[in-house]
1. Using 0.36 nm per residue, how much length does the chain from Val292 to His137 gain when fully extended, once their Cα-Cα distance is taken away?
2. Which net charge results when you count Lys and Arg as +1 and Asp and Glu as -1 among the other residues whose beta-carbon is under 12 Å from that of Ser96?
3. Which whole-Hz couplings ³J(HN,Hα) result when phi for each residue of segment 115-129 is put into the Karplus expression 6.51 cos²θ - 1.76 cosθ + 1.60, θ = phi - 60°, listed in order with x for Gly and Pro?
4. What ranking, highest mean first, results for peptides 35-44, 316-325 when packing means the other Cβ atoms within 10 Å averaged over each residue?
5. Please work out the ratio of the alpha-carbon Rg of the chain to 2.2 N^0.38 Å and round it to two decimals.
6. Would you mind checking which residues have amide H under 5 Å from Gly13's amide H? H placed 1.01 Å from N; only 5 or more apart, or other chain.
7. Can you list residues from other chains, or at least 5 along the same chain, whose modelled amide H is less than 5 Å from the amide H of Ile271?
8. Could you pull out every one of the lysines with an alpha carbon less than 17 Å from that of Lys324, ignoring same-chain neighbours closer than 8 positions?
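Laboratory data are not the source of any read-out in this text; all were calculated from the coordinates shown. Please read all numbers here as calculations on a predicted model, not as lab measurements. Ideal geometry is used to build each Cβ from the backbone, glycine not excepted, and the neighbour counts take in all protein chains shown.
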Amino acid sequence: MSGDRHVVGIVGGACAGSVVAEKLAESGCEVVVFEQNRRPYGKIEDGLPRWHAKQRDMEYRKIDARLDRPEVHFVPNTRLGEDLDFLELAKEWGFSVLVLANGAWKDRELDDPRARDVIEKGLIYQNPFVYWFNHYHEDDYEGPRYEVPPQPVCVGGGLASIDVIKIFQLELYAKALRARGVEVDLHEMEHQGIPKYCAEHGVEDPAELGVQNAILLYRRRVEDMPLASPPKNASEKVLAKMPKVRQKIFDKCQTKFLFEMRPQVIAKEVILEDGVMKGLVLVRTELDGRKVNVVEGSEHELRTDLVVSSIGSIPEPIEGIEMKGTYYRFKDWDTGEYEPLPDVFAAGNVVTGQGNIVASVEHGRFVGEHLAERYLGLCEDRDLSEGLARGDAKAEALAEQVTEALAKKAPLSAEQAEAILAKVRGRQQELGYADYKSWMETNGVAPLEE
């Protein structure tokens, strides 16, 4: 591509970033995609548990197709805030528009400030824990190594916490079965459920294995868990049925994976012994409508050697990016327009937070209508494609917003565009990157099965 043209920078190459890149490339832009990892798959690879093997592979191919095109310049292993300065990228590189699609990778912290002292010492947050589960079987994995002890605890109540509790149970029962000489297939165990899988391997009652099951803690009731949401403009009759729907979904999941549930409790503080976390002090809660009240004098201990906190993810703070609470400061939460600087937008999980009402409502509706049972592994199909397609649609809408913004701007001169691309090529050469296809052949994904 030569001559005067727009050059757009995108931070993050996964679902949202790759969709925006493809749409802008189709509109005649050159696109530079900065990806923090060696592969661009984001939470499809690192946040979606590896038993979703077929779905992951399908999404990988979609992302590859979007990024492996001549108008898209892929720059791997380049992290915003470390390898790239945000303000320099936004103000000095000279991009026509900059799009942030760097996701939400920071876990919300437990309320006890002492919890920061016991991270990796009995306390793990959801994102690194799922990353470990997805990658520990790879020959070149160099991250932390975790062991799931008897009766681990997960704090949370959303779909991500169900992922964590399933990982706990699969690891615990796999260990117990291997001790009996069984060659375990985790993917098949997740698909069949623990009781059925155990029965097929000569254990009619899983209790015979002596596993101390994992415990899920939630501050509200089971029927309040966000496992299903009513459709838009639902009638009072439908709304009245939702608690039973959620309870039914949860009961199926619990029957299939055998974990313990303790509703209406909050983790008040961590229990420390010799600098290591050995459990939680819990308090019971009472509900007053949507308000959660602590029951005074209800403190009690729950001892465990491992707690995984799964109470939500938020964007990572990055030097130079202004925050509004725990999110970036957006002028328009629905379009992802960043308020402090012109020509900066955002797409995907980096904006799907408490302020993005439209996206939150749509996502909740989808969970209610399509996602919950499949995501929890409670039906044969377990197809996540429709939910991902809705995410793609949101990214496409953002691409349209960016295209409209570009239509109001003069294109960069050939010299300006080439200056940007010269910097890009310099970074690629530092990394030994020649082209997308050869890079992915060298840095491809390990098999998802054990």
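1. On the way: separation 155, 0.36 × 155 = 55.80 nm, distance 4.08 nm.
Taking Val292 through His137 to full extension adds about 51.7 nm, to one decimal.
2. Working: positive: Arg5, Lys408, Lys409; negative: Asp4, Glu30, Asp343.
Spelling it out: positives minus negatives among the neighbours equals 0.
3. Taking θ as phi minus 60°, the curve returns 4, 4, 7, 10, 5, 6, 10, x, 10, 10, 8, 4, 4, x, 5 Hz for segment 115-129.
4. 35-44, 316-325
5. On the way: Rg = 23.3 Å, N = 450, 2.2 N^0.38 = 22.4 Å.
The reported ratio for this selection is 1.04.
6. Those qualifying (amide H under 5 Å, at least 5 residues apart or on another chain) are Gln36.
7. Result for Ile271 returns Lys278, Gly279, Leu280, Val281.
8. Those lysines meeting the cut-off are Lys106.
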